[in-house]
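One structure is given here, and the rest of the page talks about it.
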Amino acid sequence: MAAKSTDKIYQIKVTLKGSKPPIWRRLLVSNTITLGQLHEVLQIAMGWTNSHLHQFIAGESYYGLPDPDFDLDVIDEGTVKLNQLLKQEKDAIIYEYDFGDGWEHKVELEKILPFDPEEKLPSCIKGRRACLPEDVGGAWGYREFLESIQDPAHSEYEELLEWIGGEFDPEYFSVQEVNDELSEYIS
């Protein structure tokens, strides 16, 4: 699809609310990406496994996957483009993932850049810290998880290391690994 003169590149910063120290990603995306597509990009960039429900929140409006089994007033995320919600720098929306653990991400528009057909979109240009393990139990559960895996004498040390696959470095993050996964997503 050919770029239109109204197409722009959005530089967004995605920060996991309540994470201390902060866990965040800086991404470049098309301003015309749908919220449904953005959900998929955020799953990859943050390191989630798309195993739980999600929604976007902008003001009093909720965007997600409408479900006829639930009487929720949710606007179909596949019909809304990012530039309909983020119009100027510093505008922000919330992306909530895993309603049980309640992970909220602030998605802030940092810069509006001219469209460049040579730029591979979406892409990650920076980030800090590893994504949290799925089903860790929210911010409180994550703190307890970190304390447990750093103490070999802890009663759950072995069990948690096995659950996480052997090791977990909360400081680890690789832009290259995220971009490798994003390139598979857009291929």
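Observations
- Of the candidates ASP76, ASP98, the single residue that is in contact with a Leu (Cβ under 8 Å, 6 or more places away or on another chain) and at negative phi is ASP76.
- Yes/no for LYS106 being part of a loop (DSSP other than H, G, I, E, B) and under 21 Å from GLY18 (Cα atoms): no
- Residue match in region 54-61 (condition: of a type in the set (Val, Ile, Thr), within 16 Å of VAL29 (Cα to Cα) and under 19 Å from the mean Cα position of the chain (by Cα)): no
- Each residue in region 140-155 was checked for being surrounded by 14 or more Cβ atoms within 10 Å (Cβ to Cβ) and in a loop (DSSP other than H, G, I, E, B), and 1 of them qualify.
- In the set (1) touching a residue at least 12 places away in the same chain (Cβ under 8 Å); (2) loosely packed, with under 15 Cβ neighbours inside 10 Å; (3) not β-branched (Val, Ile, Thr), GLU184 fails one condition alone, (1).
- Criterion: of a type in the set (A, V, I, L, M, F, W, C), touching a Gly at 6+ places or on another chain (Cβ under 6 Å) and outside the structural domain of TRP163 (by TED's automatic domain parsing) - qualifying residue of VAL80, VAL74: VAL74
- Selection over region 59-82 of residues that are farther than 21 Å from GLU134 by Cα and touching an Asp or Glu at 6+ places or on another chain (Cβ under 9 Å) gives a count of 5.
- Scanning region 156-178 for residues that are under 23 Å from VAL14 (Cβ atoms), in a loop (DSSP other than H, G, I, E, B) and without any contact (Cβ under 8 Å) to a residue 40 or more places away in the chain gives PHE168, ASP169, SER174.
- Residues within region 12-56 that are surrounded by fewer than 18 Cβ atoms within 10 Å (Cβ to Cβ), among the polar types (S, T, N, Q) and modelled with pLDDT of 95 or more, tallied: 0
- Test: residue in region 120-139 that is closer than 30 Å to GLY59 by Cβ and in a helix (DSSP H, G or I): yes
The values are calculated or read from the model by the stated rules, or taken from the named source; none is laboratory data. Everything numeric in this text was worked out from a predicted model, so none of it was measured. When we count neighbours, we look across all protein chains shown, and the Cβ atoms used for this are built from the backbone with ideal geometry, even at glycine.
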